[in-house]
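Worksheet: one structure, shown below.
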Amino acid sequence: MRFRDRVDAGKRLAARLGDLADQDAVVVALPRGGVPVGAEVARALDLPLDVIVVRKLGVPYQPELGMGAVGEGGVRVLNDEVFAHAGVTEPELERVEAAERSELDRRVERYRDKWARLDLSGRVAVVVDDGIATGGTARAAVEIARAQGAERVVLAVPVAPVETVRDLEPIVDELVCLETPSMMVAIGAWYEDFSQTSDEEVVALLAEARIREGHPSESAEHQVSWDEEVTIPVDRGEVAGHVSVPESCLGLVLFAHGSGSSRHSPRNQAVATSLRAVGLGTLLFDLLTPQEEMDRANVFDIDTLARRLVLATEWVNEHPRSRGLAIGYFGASTGAAAALAAAAELGPTIRAVVSRGGRPDLALPQLPAVRAPTLLIVGGNDPAVLELNREAASRLSCEHQLRVVPGATHLFEERGALEVVAQLARDWFVRHLSSA
């Protein structure tokens, strides 16, 4: 069984952990890749989400081979067999550990900037990662959870080698693993999409979880007046979404995600969190029903996706809690084409459009009819999409800008790239929605 992505893995893992929903448990995920998995588990079981920061100690001449791990609170765990076999000297170990502790400290500071660590005393700690290879980081995370007072520790992962699972079972109270291959070359081989998770996505998922728990950041300037899971009627049933509207809302931004993604897209979640911080409302929703998603052709059906966006806009404009708000669209990848096509159809109803790594070329016939001020954001190291956006910009007659993020690739995974996207989008929407 392969997983579509970390969100899919988290949903499947949550189905095996259903008995924890009624317990005093905390999901503690391992950054970065374990956080999207853990976020899905926490969301499905209605549990709080936190992180345990751990760094693998890689063999100097083969960094992907773990000889141990370090974690918060001075924890260090060594795999004696790997350490001895690799012939690593104590000075070499000390250099590796110093480098990893420096990165660990940076991440702790980044993730704990607004959110205090959740207390594990007397509770069940559900340690989640996107997979386990040698088990070093998992051992360190379990030791940290015990040190922080957890009464029980449950280790839950989508995939791990059967031998590693056997080695780890004695140190935890329960171990849940969906796939236990006899041989495993790499964790990523078990995922169709194993793209890197950024610090920005980790922070956004933590923020979403804390807001869902009713504990907004002390530094938050805008209290949420409407935050709810919703269903939106469409032409062939209904789709799921999440709306969040702060008090004194400047406007509402509807998100059109890219092909194969969903309303839980970590990158869109990161941007949405940034928008809400300045008083903008957000609606993230699935453009397709679960049945429709099974046919890959549907994720490239721009006409259908645009129609769904139009229907969601009508729903927003008719809902008593969002009626009268200025509307903007944020589209990513193929979702950007849907956003532009919908904006062309709705005319002055849509006040602004932002495209992140978009494919506006898939909506070329509709571009001349777009009236909403449009911002096209493309990575500087995404030459094919950059050229497509330049061509699309030449066909827009509305106010528009093309902004290039230096050094960024298509998914904006590079450090700080997604924050640049969020800032550009935030400024564009504030400018055009607040004036409306």
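Please treat every number below as a calculation from the coordinates, not as lab data. These figures come from a predicted structure and were not determined experimentally. Because the Cβ atoms are built from the backbone with ideal geometry, glycine has one as well, and the counts that use them run over all protein chains shown.
At-a-glance table
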{"item": "Descending semi-axes in Å of the chain, equivalent ellipsoid built from Cα gyration tensor", "result": "40, 23, 20"}
{"item": "Placed amide H near Glu174: partners under 5 Å, 5+ positions off or other chain", "result": "Val153, Leu155"}
{"item": "For the stretch 122-173: relative contact order, % (alpha-carbon pairs under 8 angstrom, 6 or more apart)", "result": "49 percent"}
{"item": "In Å, descending, principal axis extents of the Cα set of the stretch 371-431", "result": "33, 28, 13"}
{"item": "Amide H partners (placed H, <5 Å) of Ala29, local residues excluded", "result": "Asp50, Val51, Ile52, Val128"}
{"item": "Computed over the stretch 6-190, the ratio Rg/Rh where both radii use C-alpha atoms and Rh is Kirkwood", "result": "0.95"}
{"item": "Acute angle (nearest 10 degrees) that the helix 417-435 long axis makes with the longest principal axis of the chain, alpha-carbon atoms", "result": "30 degrees"}
{"item": "The chain - mean residue ellipticity at 222 nm from DSSP helices (-39,500 (n - 2.57) per run, n ≥ 4, rounded to 500)", "result": "-11500 deg cm²/dmol"}
{"item": "Principal-axis tilt of helix 383-395 within the chain, Cα atoms, nearest 10 degrees", "result": "20 degrees"}
{"item": "Filtered trypsin sites (Lys or Arg not before Pro), the stretch 291-350: DSSP coil and at most 16 other beta carbons within 10 Å", "result": "Arg321, Arg323"}
{"item": "Over the stretch 221-435: Rg over Rh, Cα atoms, Kirkwood Rh", "result": "0.93"}
{"item": "Degrees, to the nearest 10: 199-212 long Cα axis against longest axis of the chain", "result": "80 degrees"}
{"item": "Residues whose placed amide H lies under 5 Å from that of Ala256, excluding near-sequence neighbours", "result": "Phe330, Gly331, Ala332"}
{"item": "Packing-based order for 242-248, 200-206, 98-104, 88-94, using average beta carbon neighbours within 10 Å, highest first", "result": "200-206, 242-248, 98-104, 88-94"}
{"item": "For the stretch 1-111, projected area of the alpha-carbon convex hull averaged over all directions, nm²", "result": "8.7 nm²"}
{"item": "Cβ-placed point charges (K, R +1; D, E -1), dipole of the chain about Cα centre in debye, nearest 20", "result": "1140 debye"}
